[in-house]
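Engineer: Structure provided below as structure tokens; questions to follow.
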Amino acid sequence: MKSARLDAETLALRALAYVVGDPALGPRLLDLTGLDVATLRTRAADPVLLGATLAFLEGHEASLLAAAEALDVAPRALVAAREALGA
């Protein structure tokens with residue numbers, strides 16, 4: 001079970017990197033969460049933040065699909081990662 005959580009965290013970190021690297025999604029995530037860049041960096045490995053990032057993508061199907069394509073995973077894998085993180 002620990003391996004599944006580690007895999008979920010790894011995928012969520014990749015998704016977070018995708019989001020912050022996107023010129024539209026990065027600022028939107030910061031606006032919606034109220035986080036600033038420094039706090040985001042500090043909390044990047046926090047499972048709560050990772051789960052929230054995946055939920056953020058799930059909230060907009062086009063973003064979820066684009067992230068899944070960019071990360072070369074099925075959209076369902078991102079949803080499953082969020083679920084594994086308990087978000």
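Engineer: Pick from A38, A55, A17: which is exposed (fewer than 12 other Cβ atoms within 10 Å of the Cβ), hydrophobic (A, V, I, L, M, F, W, C) and modelled with pLDDT of 95 or more?
Structural biologist: Exactly one residue qualifies, and that residue is A38.
Engineer: Separate question: Going through the stretch 10-59 one residue at a time, which ones are charged (D, E, K, R), within 22 Å of A84 (Cβ to Cβ) and without any contact (Cβ under 8 Å) to a residue 40 or more places away in the chain?
Structural biologist: Of everything in the stretch 10-59, those that are charged (D, E, K, R), within 22 Å of A84 (Cβ to Cβ) and without any contact (Cβ under 8 Å) to a residue 40 or more places away in the chain turn out to be R43, D46, E58.
Engineer: Another question about this same structure. Take the residues of the stretch 11-50 that are under 11 Å from the mean Cα position of the chain (by Cα) and among the β-branched types (V, I, T): which is farthest from E69 (Cα to Cα)?
Structural biologist: For the stretch 11-50, the residue satisfying everything is V48.
Engineer: For the stretch 58-87: of the residues being in contact with a Gly (Cβ under 7 Å, 6 or more places away or on another chain) and in a loop (DSSP other than H, G, I, E, B), which is surrounded by the most Cβ atoms within 10 Å (Cβ to Cβ)?
Structural biologist: Among residues in the stretch 58-87 that are in contact with a Gly (Cβ under 7 Å, 6 or more places away or on another chain) and in a loop (DSSP other than H, G, I, E, B), the one surrounded by the most Cβ atoms within 10 Å (Cβ to Cβ) is L85.
The values are calculated or read from the model by the stated rules, or taken from the named source; none is laboratory data. Please read these numbers as outputs of a predicted model, since none were measured by experiment. In this analysis, Cβ positions are derived from the backbone assuming ideal geometry, glycine residues included, and neighbour counts consider all displayed protein chains.
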